[in-house]
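Data first, discussion second: the structure below is written as C-alpha cells.
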Amino acid sequence: MFLLRDGLVFDGSGTPGVPGSVLIDGEKIAAIGNVAAPAGCAVLDCSGLAIAPGFIDLHSHLDLQVLEDRTEKIRQGVTSDVVGNCGFSPFPYCGDPHDLQEFASGILGRSDGWGWPTAADYLREVETNSTKMHVFSLVGHGSLRIAVAGNAQQALSVGELDRISGFLEDALAAGCAGFSTGLMYAPGSSAGAEELENLCRIVARSGKLYATHMRSYASGLLAAVREQIDLARATGCRLQISHLQAAGRTNWDLQQRALDEIEAARDEGIDVEFDIYPYQCGSTLLTQWLPAWALDGGREALLARLSDTGMREKIVRDVEQERAQLWSDITISGVGTGRNADLVGQTIAAVAETRGTEPAETALDLLLEEEAVVNVVSFNQSEGNLRQLITHPLCSVISDGFYVKGKAHPRLYGTFPELLGKVTRDEGWMPLAESVHKITGKPAKRLGLRDRGLLKPGYFADLAVFDPATIQSHSSYETPDCEPQGIVSVIKDGRVVCGRHV
C-alpha cells in the first residue's frame with residue numbers, strides 16, 4: 001500500500017483537476033481525495049505535480065518491440081499500447097511467415113525472426129514478456145489477406161472470404177481488441193465493399209473496435225471518409241478513423257468538409273470518432289506514393305516492375321498525377337539495406353538534385369537500391385488544421401510511432417509530453433484536463449475498457465505523475481531519440497515501472 005499525496009488529481013474524464021491524494025492498495029486504487037496515509041504506508045510527495053491515469057496510446061506500431069520491454073513509451077507516461085493498426089499485425093500466418101514478414105517489416109521495424117500462427121499465440125507471448133505496459137492488439141486486415149491469398153491485388157474468392165472471416169472470428173475470440181484496415185497499402189487496398197462489410201459485421205457482433213487507415217487522406221479524402229461511414233452504417237460497427245488529416249497543401253481545405261461528414265454521421269447515431277498525433281508531419285513507407293497496381297504480388301514483383309523501362313514510365317506518370325506532397329516535403333527517415341544510410345535526413349528533392357535525376361525517378365531508384373523498404377517523414381498538414389483536429393471533441397491523441405533503420409519520427413519518443421507541454425501549456429490550445437482526457441478516459445472508452453483509463457476506487461492503479469510546469473519533449477526530426485522531461489513516476493497495476501519510487 002502507498003499514497004500519492006497532495007497532487008492535482010485529474011481523473012481522466014475531462015473535468016478539471018482537484019487537489020487531493022490517491023491511495024493504492026495492491027493492483028487497485030483504494031481511495032481518492034482527502035486521504036490520510038495509513039500506518040506504515042509509503043508516501044510519494046506529489047506537491048506541485050499532476051496525478052493522472054496512465055496514458056493510453058490508441059494507435060501504435062510497436063507490435064514486436066512491446067515484447068522487448070523497450071522504454072520509449074513508458075518514459076512518456078504510457079501504460080497501455082494498442083498495436084495491430086493500419087492492417088499490419090504480426091499474425092496470423094499459414095505455413096511460412098516469410099510473406100507476412102515481407103508485407104509488414106517496413107512498419108513493424110524488423111525484417112525477420114518473428115511471426116505467430118494465430119492471435120492467441122501472439123497474445124500469450126505478450127502476456128509473458130510485456131511487463132512494463134499493457135498491450136491490446138487489433139488484428140490487421142492486410143495480415144489476414146496475406147494468410148489466405150498472399151500479396152495479390154484482387155477480390156477474394158468465396159472460399160478465401162470464408163477463411164479470412166474465420167481467422168478474424170478466431171482472433172477476436174482469442175482477445176484481440178478489434179480489427180484494422182490499411183486501405184492505402186497492398187493487398188488491403190484491393191478489398192471491395194462486400195469483403196469489408198462481411199468483416200465489419202463480425203467486428204460489430206463482437207462489440208469491438210474497427211480502426212481504419214483509409215484509402216486516401218489527400219484529394220480522395222471525402223470519398224474515403226464517406227466509404228467508411230457507409231461501412232459503419234451498413235454493419236453497425238464502431239468506427240475509428242485513424243490519423244485523420246488532409247494531406248498536402250492543395251487539400252487542406254477538405255478537412256472542414258470531412259469533419260462535417262463525421263459530425264453528421266454522429267448526429268445520425270453512427271459511432272464514429274478519429275485520432276491524430278500532435279505533429280504536422282507524418283511517417284510511412286515511400287511505397288505509399290506508388291499506384292496500387294505496382295504493388296501487386298509483393299516485393300519481388302514490384303522490384304521487377306521498377307526495373308522494366310515501360311512499367312517504370314507508367315509508375316512515374318501515375319505517381320506524379322496522384323502525388324499530394326512536394327518532393328521537398330518528403331524526407332528519408334530509414335532505409336532497408338543501409339546502402340543509402342547517408343541519405344537519412346535528406347529530402348527526395350535534395351537527393352534528386354545531387355544525383356542529377358528527376359525526383360520521381362530518384363524515388364524509384366531508392367526503392368530499387370533498398371529492396372523496396374524506404375521509410376519517410378512527410379510534411380502533411382497546416383498548423384491550423386492540426387489545431388482544429390486535436391481540439392475536436394471526437395479526437396483521441398495517438399503516437400502512430402514505429403521504429404526504422406535510421407531516424408524515427410519524434411512522435412515515437414515524445415508524443416505525450418509534446419501534447420501536455422508544447423500543445424497544452426505553451427500554445428494553450430486546450431485545458432490540461434481535456435488533453436489528459438484525450439489520452440486516458442477517451443481511448444479507454446473506445447477500447448471498451450471498464451477498469452482502466454480513469455482514476456476511480458476499484459480501478460486498476462495505472463497512473464502517470466508529471467510536472468505540468470516542466471513537462472516537454474526534447475525529440476526533434478534531427479535528433480528524435482531523446483528522453484522527455486517532466487514525467488516523475490509511472491505506475492502500472494500498482495507497481496512503479498518508471499521514475500521516482502515511494
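Within region 346-383, the only residue that satisfies the criterion of being within 30 Å of VAL423 (Cα to Cα), over 22 Å from the mean Cα position of the chain (by Cα) and open to solvent by 50 Å² or more (accessible area, probe 1.4 Å) is GLN346. When region 312-339 is filtered for residues that are of a type in the set (Gly, Ala, Ser) and assigned to a loop (DSSP other than H, G, I, E, B), the ones remaining, listed by number, are ALA324, GLY336, GLY338. Exactly one residue out of ALA224, ALA234 is among the hydrophobic types (A, V, I, L, M, F, W, C), open to solvent by 10 Å² or more (accessible area, probe 1.4 Å) and part of a helix (DSSP H, G or I): that is ALA234. Restricting region 404-436 to residues that are in a loop (DSSP other than H, G, I, E, B) and not aliphatic (A, V, I, L, M), the residue that is surrounded by the fewest Cβ atoms within 10 Å (Cβ to Cβ) is GLY428. Looking across region 130-160 at every residue that is within 18 Å of SER60 (Cα to Cα) and polar (S, T, N, Q), the one that is farthest from the chain's Cα centre (by Cα) is identified as THR131. Within region 67-84, residues that are outside any loop (DSSP other than H, G, I, E, B) have Cβ atoms under 7 Å from residues that are basic (Lys, Arg) and modelled with pLDDT of 95 or more in these pairs: THR79/LYS492; SER80/ARG452; ASP81/LYS73, counting only partners at least 6 apart in sequence or on another chain.
Looking across SER143, SER137, one residue alone is buried (at least 19 other Cβ atoms within 10 Å of the Cβ), at pLDDT 95 or above and assigned to a strand (DSSP E or B). It is SER137. If the condition is being of a type in the set (Lys, Arg) and under 23 Å from GLN240 (Cβ atoms), then region 414-463 contributes LYS438, LYS442, LYS445, ARG446, ARG450, ARG452. Of ASP493, ASP467, ASP481, all but one fail to be in contact with an Asp or Glu (Cβ under 7 Å, 6 or more places away or on another chain) and among the acidic types (Asp, Glu); the exception is ASP493. Within region 437-478, restricting attention to residues that are touching a helix residue (DSSP H, G or I) at 6+ places or on another chain (Cβ under 9 Å), open to solvent by less than 30 Å² (accessible area, probe 1.4 Å) and part of a loop (DSSP other than H, G, I, E, B), which residue is nearest to ALA177 (Cα to Cα)? So the residue we want is GLY453. Only one of the numbered conditions (1) open to solvent by 30 Å² or more (accessible area, probe 1.4 Å); (2) of a type in the set (Gly, Ala, Ser); (3) in contact with an Asp or Glu (Cβ under 9 Å, 6 or more places away or on another chain) is not met by SER21, and that is (1).
Beta carbons closer than 7 Å, at least 6 apart along the sequence or on distinct chains, never pair a first residue in region 482-497 that is under 15 Å from SER80 (Cβ atoms) and free of Cβ contacts under 8 Å to residues at least 40 places away in the same chain with a second that is among the hydroxyl-bearing types (Ser, Thr, Tyr) and open to solvent by 20 Å² or more (accessible area, probe 1.4 Å).
Among the residues of region 256-298, those that are assigned to a loop (DSSP other than H, G, I, E, B), in contact with a Leu (Cβ under 8 Å, 6 or more places away or on another chain) and surrounded by 16 or more Cβ atoms within 10 Å (Cβ to Cβ) comprise ILE270, ASP271, PRO278, TYR279, LEU290. For region 24-41, taking the residues that are open to solvent by less than 50 Å² (accessible area, probe 1.4 Å), free of Cβ contacts under 8 Å to residues at least 60 places away in the same chain and part of a loop (DSSP other than H, G, I, E, B), the one that is nearest to ALA433 (Cα to Cα) is identified as VAL35.
Taken over region 168-204, the criterion of being open to solvent by 10 Å² or more (accessible area, probe 1.4 Å) and either part of a loop (DSSP other than H, G, I, E, B) or touching a Cys at 6+ places or on another chain (Cβ under 8 Å) (or both) is satisfied by GLY175, ALA177, MET184, TYR185, ALA186, GLY192, ARG201, ALA204. Selection over region 144-170 of residues that are in contact (Cβ under 8 Å) with a residue 12 or more places away in the chain and under 22 Å from GLY207 (Cβ atoms) gives a count of 7.
The values are calculated or read from the model by the stated rules, or taken from the named source; none is laboratory data. Since we're looking at a predicted model, the values are computed, not measured. Note that each Cβ is placed from the backbone with ideal geometry, even for glycine, and that neighbours are counted across all protein chains shown. For the accessible areas, the whole protein counts, side chains as well, though only heavy atoms, and no ligand, DNA or RNA atoms are used. Shrake-Rupley method; radii C 1.70, N 1.55, O 1.52, S 1.80 Å.
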